[in-house]
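A.B. asks: Encoded as structure tokens, here's the structure I'll be asking about.
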Amino acid sequence: MRVTEDGTATPRVPGSPLADMVLERLTAAYGPAADPERAVAMRAYMKDVAPFLGLTTPVRRALSRTVVAGLPRPDEADCAAVALRCWELPEREYQYFAVDYLRRHVRHCSSGFLPVARHLVTTVPWWDTVDLLAAHVVGALVAADRSLAAEMDEWIGDDDLWLARTALLHQLRYKERTDTARLFDYCLRRSGHPDFFVRKAIGWCLREYAKTDPDAVRSFLAREQGRFAPLSVREAMKNIGA
């Protein structure tokens, strides 16, 4: 970790020849394809969270395939270097590339990658990166090492709403492997949260788990409904009814 001028601790970018190659290819591919007019609209849609190049999703994904074509499988240091260096670039599409890269290769990362994931979640945060990191990266790390659930227990209580949202959503893809007691406890712990993104996440994770065990979610909400914002309840009950 390194400490910036404002006192924030951030992960160090590992040396990685593979990351050097990826970033060289990436900037060479994305830059010339930029569409400044579209970039203005994309930035406005994302509430000015970051500047954009103006790449549509199909164009970006096609370019990304050329970037990684023929490259070797990364290890954990490579993944960290690619992600952290993409996060240092201003345009949002580079961060989208990093998220996609991590989704593809997270199985090669250990529990030691979690501090990097935390940095990505809390740096230039918005739902477009946070939700995918939560479900596909953080969730995969915790599934591979259940001792990391203790870290999620810390994140759910954090003042940073994006860490709380990540803790709520990290089991989104677990289905029958869901730790139901932890899921319900997290929802209750943040039931009074004032922010839309946390209230929405409560409903979303409950709605997703209801696809696996609708009776459990229905019973939970019947018992605890008065503690939740109407938004959370509506989202949770969308597909299961009363």
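A.B. asks: When you scan the stretch 145-242 for helices (runs of 4 or more DSSP H) that lie fully inside it, which ones turn up with 2 or more residues that are open to solvent by 60 Å² or more (accessible area, probe 1.4 Å), acidic (Asp, Glu) and free of Cβ contacts under 8 Å to residues at least 60 places away in the same chain?
C.D. replies: The qualifying helices (runs of 4 or more DSSP H) are 149-155.
A.B. asks: Need pairs with beta-carbon distance below 6 Å; first residue farther than 18 Å from Arg25 by Cα and within the stretch 91-117, second of a type in the set (Gly, Ala, Ser); sequence gap 6+ or separate chains.
C.D. replies: Val106/Ala140; Val116/Ala80
A.B. asks: Being charged (D, E, K, R), surrounded by 15 or more Cβ atoms within 10 Å (Cβ to Cβ) and either over 22 Å from Leu169 (Cβ atoms) or modelled with pLDDT under 95 (or both) is the requirement here; does Arg65 meet it?
C.D. replies: In short, no.
A.B. asks: Step by step: first the residues of the stretch 27-48, then only those that are open to solvent by less than 30 Å² (accessible area, probe 1.4 Å) and of a type outside the set (Phe, Trp, Tyr), then the one that is nearest to Arg73 (Cα to Cα). Which residue is that?
C.D. replies: Ala29
A.B. asks: Among the candidates Pro51, Pro90, Pro72, single out the residue that is of a type outside the set (Asp, Glu) and either open to solvent by less than 20 Å² (accessible area, probe 1.4 Å) or within 26 Å of Ala140 (Cβ to Cβ) (or both).
C.D. replies: Unique residue meeting the criteria: Pro72.
A.B. asks: Going by the conditions given, is Asp128 touching a residue at least 24 places away in the same chain (Cβ under 8 Å) and either open to solvent by less than 50 Å² (accessible area, probe 1.4 Å) or in a helix (DSSP H, G or I) (or both)?
C.D. replies: Judged against the criteria, Asp128 is a match.
A.B. asks: Now for a different question. Please tell me if Val124 is under 14 Å from Phe52 (Cα atoms) and β-branched (Val, Ile, Thr).
C.D. replies: yes
A.B. asks: Being surrounded by 13 or more Cβ atoms within 10 Å (Cβ to Cβ) and within 23 Å of the chain's Cα centre (by Cα) is the filter here; which residues of the stretch 8-26 pass it?
C.D. replies: If the condition is that a residue be surrounded by 13 or more Cβ atoms within 10 Å (Cβ to Cβ) and within 23 Å of the chain's Cα centre (by Cα), then Thr10, Pro11, Val13, Pro14, Ala19, Val22, Leu23, Leu26 are the ones that fit.
The values are calculated or read from the model by the stated rules, or taken from the named source; none is laboratory data. These numbers come from a predicted model, not from an experiment. With ideal geometry, Cβ positions are generated from the backbone for all residues, glycine too; neighbour counts draw on all protein chains shown. Just the protein is used for accessible areas: all its heavy atoms, side chains included, with ligands, DNA and RNA removed. Shrake-Rupley method; radii C 1.70, N 1.55, O 1.52, S 1.80 Å.
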